[in-house]
């Protein structure tokens, strides 16, 4: 028996190039699904998957008992059996380690991926593009070229885990430079009409108008011109029952909807008449009922009447004045209704804040753990964690995009992301608690709080940067990194080891949560004021040394801030409480580094990013009315 290391990509080139949340989810699921076909091919040919954990040990020559829902479904479809579950979250990583017989041909795995991909592409083509191809210029040739050449698969046989990385550096898959106008989603690929817009605009428009006639305006917006790969990623969920063997969700909540979740819950409970009237008026806009609140606990519990709850079914662009005023978002002839909606929106006691959270989590030093403890021990613990991810994310009003191995990608309302992140890390460590890896397995997390109008591709890439460069490299792993990305660009970055974010607190609670409660706009007791935060940043700049941000004297700064806090509170808080609150805030502003042995070292420096983050979260992303 020999070890096979196998990988499929490109990951960033496929998943990251997404304009909407459904693209991001679909890319993650497709990559996981195709990896599952490669794994199943190895299993069917007497191989044993050592990482990830997808089956129980094989009792030769019997077929092993599968343990992962996605690969179970793939196997059931392969054997012609009915699917007992319909997994919709990618749970398999894009690489695996298998023990294979001496005569095993890894080309079997490659062909399994190509066959599964081709079936999906063929179904999408026949349903949505075959009839429109007559209007294109070489559309079918473009389609076949891109479908046949997109995936990069690499494999090596040997015991060294790093051999696969060495193999990937030996590039044998060189994608040809694509001609013509490029895809608006995946900019390195030619769009499908085959026309050049500079000379053949009318023909190009005619092609895409014919394609667009088969979809709603939300599925393929005006101006979107897709390549074959992007087209499959966008529309395969609509053909999933035929192309993969079971139904998949055809809708995924937008970033604007995630930003507005708690506002919708609040107005339906506290202003039911206004919410019901707003929903009734908005229903006059064609296609406005494009969302589904059933996956959000905060929107489904409570006692609000049905009319008020109907606000949660609206396209979330209805809740933001800038979107209501953007004529490109709405069908023609709705101007009067939209103007009335803008008027009523201003009459609500509160307005939704335009920020949501994208969370990315990744296990630390996974290669080291696998080398030391073995792939099966690590992957068995990881599967226990993976099965708990989706329920935990949903509990915090989030939507899971990917949960496989040691990776999690999910989206949350701004209000829920921190507690969800803390809960996920705790669950990750708990999965290893009863194994020999107890205390060794840690995970780092990135959260990007982004304006819903920021391109999703940029937010996703920023999450990866914060995870790798800030949480892992700069802060030392087992850490949390946070970025706030406003409409004008990234506004602040903050990080700390998890040991300083959640020490001695109840499950899921964080230092930042405690501080946000003190800043709560609706809490008139013991809160931090906006004036105090302004002074806080002023004194930080005053105390900074020219060569860095090491403070001249911690004690002096502390006393100055306490005095400023008491002044801002105008005597309604005693000194003891003021000192406790300032001390808590300074704890969020101190910089730390986690050493390799787990020791957390204070760097002797501070940053006001912690205070600015608390203010941002306390205001829920915007200035109070």
Next item on the list: Mind telling me which of the residues 609, 568, 587 ends up being under 27 Å from the mean Cα position of the chain (by Cα) and in contact (Cβ under 8 Å) with a residue 24 or more places away in the chain?
Entry: 609
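Tally up the residues in the range 49-59 that are more than 18 Å from residue 381 (Cβ to Cβ) and surrounded by 16 or more Cβ atoms within 10 Å (Cβ to Cβ), please.
Filtering the range 49-59 for residues more than 18 Å from residue 381 (Cβ to Cβ) gives 58-59.
Then drop every residue that is not surrounded by 16 or more Cβ atoms within 10 Å (Cβ to Cβ), which leaves 58.
Of the residues in that region, 1 qualify.
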Item checked: Given (1) surrounded by 24 or more Cβ atoms within 10 Å (Cβ to Cβ); (2) part of a helix (DSSP H, G or I); (3) modelled with pLDDT of 95 or more, index of the condition residue 378 fails -> (3)
Next item on the list: Report yes if residue 585 is outside any helix (DSSP H, G or I), at negative phi, modelled with pLDDT of 80 or more and crowded, with 18+ Cβ neighbours inside 10 Å, otherwise no.
Entry: no
Margin query: So, residue 513, is that one part of a loop (DSSP other than H, G, I, E, B) and either modelled with pLDDT under 80 or surrounded by 18 or more Cβ atoms within 10 Å (Cβ to Cβ) (or both) or not?
Written below: no
Item checked: Answer residue from the range 275-291, given it is part of a loop (DSSP other than H, G, I, E, B) and in contact with a helix residue (DSSP H, G or I) (Cβ under 7 Å, 6 or more places away or on another chain) and is nearest to residue 414 (Cα to Cα) among those -> 291
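With respect to residue 365, determine if the residue is in the same structural domain as residue 436 (by TED's automatic domain parsing), at positive phi and surrounded by fewer than 24 Cβ atoms within 10 Å (Cβ to Cβ). Even if it seems obvious, please write down each step before you answer.
Working: in the same structural domain as residue 436 (by TED's automatic domain parsing): yes; at positive phi: yes; surrounded by fewer than 24 Cβ atoms within 10 Å (Cβ to Cβ): yes.
In short, yes.
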Next item on the list: Being in a helix (DSSP H, G or I) and closer than 18 Å to residue 401 by Cα narrows it down to one of 231, 235, so name that one.
Entry: 235
Item checked: In the range 214-237, the residues that are surrounded by fewer than 18 Cβ atoms within 10 Å (Cβ to Cβ), farther than 24 Å from residue 178 by Cα and in contact with a helix residue (DSSP H, G or I) (Cβ under 9 Å, 6 or more places away or on another chain) -> 214, 215, 219
Margin query: Among the residues of the range 241-265, what is the count of those that are surrounded by fewer than 18 Cβ atoms within 10 Å (Cβ to Cβ) and farther than 22 Å from residue 117 by Cα?
Written below: 0
Checklist line | Output for the range 443-491, where each listed residue is more than 20 Å from the chain's Cα centre (by Cα), in a loop (DSSP other than H, G, I, E, B) and at negative phi | finding: 475, 488
Next item on the list: Kindly indicate whether residue 461 is more than 19 Å from residue 17 (Cα to Cα) and either touching a residue at least 60 places away in the same chain (Cβ under 8 Å) or outside the structural domain of residue 26 (by TED's automatic domain parsing) (or both).
Entry: no
Notebook entry, point to check: Being in a loop (DSSP other than H, G, I, E, B) and over 30 Å from residue 461 (Cβ atoms), is that true of even one residue in the range 5-25?
Noted result: no
Next item on the list: Go through (1) in a helix (DSSP H, G or I); (2) at pLDDT 95 or above and name the single condition residue 247 misses.
Entry: (1)
Margin query: What's the total number of residues in the range 102-118 that are outside any loop (DSSP other than H, G, I, E, B) and out of contact with any strand residue (DSSP E or B) (no Cβ under 8 Å at 6 or more places or on another chain)?
Written below: 9
Check: Any residue in the range 404-412 that is in a helix (DSSP H, G or I) and either without any contact (Cβ under 8 Å) to a residue 60 or more places away in the chain or in contact with a helix residue (DSSP H, G or I) (Cβ under 9 Å, 6 or more places away or on another chain) (or both)?
Finding: no
Check: What pairs can you find where one residue is in the range 348-363 and under 23 Å from residue 441 (Cα atoms), the other is modelled with pLDDT of 95 or more and surrounded by fewer than 20 Cβ atoms within 10 Å (Cβ to Cβ), and their Cβ atoms are less than 8 Å apart, with a gap of 6+ or different chains?
Finding: 360/464
Item checked: Boolean, residue 62 is under 15 Å from the mean Cα position of the chain (by Cα) and more than 19 Å from residue 379 (Cα to Cα) -> no
Item checked: Odd one out for residue 245, checked against (1) touching a strand residue (DSSP E or B) at 6+ places or on another chain (Cβ under 9 Å); (2) at positive phi -> (1)
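So, residue 339, is that one assigned to a helix (DSSP H, G or I) and assigned by TED's automatic domain parsing to the domain that holds residue 408 or not?
no
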Item checked: Selection count, the range 485-510, where residues are in contact with a helix residue (DSSP H, G or I) (Cβ under 8 Å, 6 or more places away or on another chain), under 15 Å from residue 421 (Cβ atoms) and either at pLDDT 90 or above or buried (at least 16 other Cβ atoms within 10 Å of the Cβ) (or both) -> 10
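The values are calculated or read from the model by the stated rules, or taken from the named source; none is laboratory data. Remember, it's a predicted structure, so these values are computed and weren't measured experimentally. Glycine gets a Cβ as well: all are built from the backbone with ideal geometry, and neighbour counts include every protein chain shown.
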